[in-house]
Amino acid sequence: MQKIDRTGEENINKQGLKMQIIRYKNVHDIDIQFEDGIIVRHTYYQYFKKGNIINYNIPTYLGVGYRGYGPFKTKVGVSHTEEYTKWGSMLTRCYSDKYIKNQNYIDCYVCDEWKNYQNFAKWYSEHKYILSKDDSLELDKDIKVIGNKIYSPDTCLLLPHRLNTIVLDRKNDRGNYALGVQKIKSGAYIASCNGVNGEKIYLGRFESEEEASNSYNIAKKKIIEIVVKQYKNIIPDEVYDAVMKYKEIYYSARKLQE
């Protein structure tokens, strides 16, 4: 029987991309190439005919992120990997309509390098560390560079969820007054904050919003220092130093209506 050679055959995949067979051994072993130069080796002819061969360099996650080519998987069994979950959450915060009005993510974006999942996963795998079962790592863009808007290797850290929650001032949680401050019917102001275990701490009653806010800032700095020292032997030095620096700068120089 004469051997069939389908080299040069073209088709369109389900992404609408043209692909061409550049090597044909048999129906179980072919190489194809996309127009952007990406080559997929040792795939099946039936996948080619059905258009099921995917170009992983094409953005498919919110039209921005793409899987890329490399060793990092998106799933293990039926569950997404930790790296993929964090990557997807990062893209969602920046590019999903759900977060457009969230003050913490307005004008935020992801660097080009991290739009490729393989690059993000490599960074994440190199920086993650082990926590207790009731804690988890969070990707943070705010602490290392105050006022930062970009998710990138140079601006992000991995923090324990508990520590990250205590450190950050979530602007969307603020009412009409400074964070941690409320005005009562008498015209005075009261201040409160969450303690090291999440309990609410009443800080006192004050004649002005500024006094109440100052009390909040002082308490916040003390609480952050207590909690970060609890993680001293767990978190990397870079994370510890960044948190200590952040609390001194951010909670000493805040304005009432920032």
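The values are calculated or read from the model by the stated rules, or taken from the named source; none is laboratory data. Just so we're clear, the structure is a prediction, and the values are computed from it rather than from any experiment. Ideal geometry is used to build each Cβ from the backbone, glycine not excepted, and the neighbour counts take in all protein chains shown. To get the accessible areas, we keep the full protein, side chains included, count just its heavy atoms, and leave off ligands, DNA and RNA. Shrake-Rupley method; radii C 1.70, N 1.55, O 1.52, S 1.80 Å.
Quickly run through segment 143-167 and pick out the residues that are assigned to a loop (DSSP other than H, G, I, E, B), touching a residue at least 40 places away in the same chain (Cβ under 8 Å) and of a type outside the set (Val, Ile, Thr). Let's see the steps before the verdict.
Residues of segment 143-167 that are assigned to a loop (DSSP other than H, G, I, E, B), as a first pass: 143-149, 152-156.
Okay, now just the ones that are also touching a residue at least 40 places away in the same chain (Cβ under 8 Å), so 143-144, 146, 149, 152-153.
Answer for segment 143-167, where residues must be assigned to a loop (DSSP other than H, G, I, E, B), touching a residue at least 40 places away in the same chain (Cβ under 8 Å) and of a type outside the set (Val, Ile, Thr): 144, 149, 152, 153.
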Inset, instruction - Please indicate, with yes or no, whether at least one residue in segment 72-84 is hydrophobic (A, V, I, L, M, F, W, C) and either in contact (Cβ under 8 Å) with a residue 40 or more places away in the chain or closer than 22 Å to residue 235 by Cβ (or both). - result: yes
Inset, instruction - Give the residues of segment 28-54 that are open to solvent by 60 Å² or more (accessible area, probe 1.4 Å) and of a type in the set (Asp, Glu), sorted by residue number. - result: 35, 36
Legend entry - Enumeration of residues in segment 1-27 that are basic (Lys, Arg) and either open to solvent by less than 90 Å² (accessible area, probe 1.4 Å) or farther than 17 Å from residue 42 by Cα (or both): 3, 6, 14, 18, 23
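Table: residues versus (1) within 22 Å of residue 166 (Cα to Cα); (2) more than 13 Å from the chain's Cα centre (by Cα).
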| position | (1), (2) |
| --- | --- |
| 84 | no, no |
| 114 | no, no |
| 122 | no, yes |
| 126 | no, yes |
| 139 | yes, no |
| 147 | yes, yes |
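In this structure, is residue 109 in contact with a strand residue (DSSP E or B) (Cβ under 8 Å, 6 or more places away or on another chain), open to solvent by 60 Å² or more (accessible area, probe 1.4 Å) and of a type in the set (Phe, Trp, Tyr)?
For residue 109, the condition - in contact with a strand residue (DSSP E or B) (Cβ under 8 Å, 6 or more places away or on another chain), open to solvent by 60 Å² or more (accessible area, probe 1.4 Å) and of a type in the set (Phe, Trp, Tyr) - is met.
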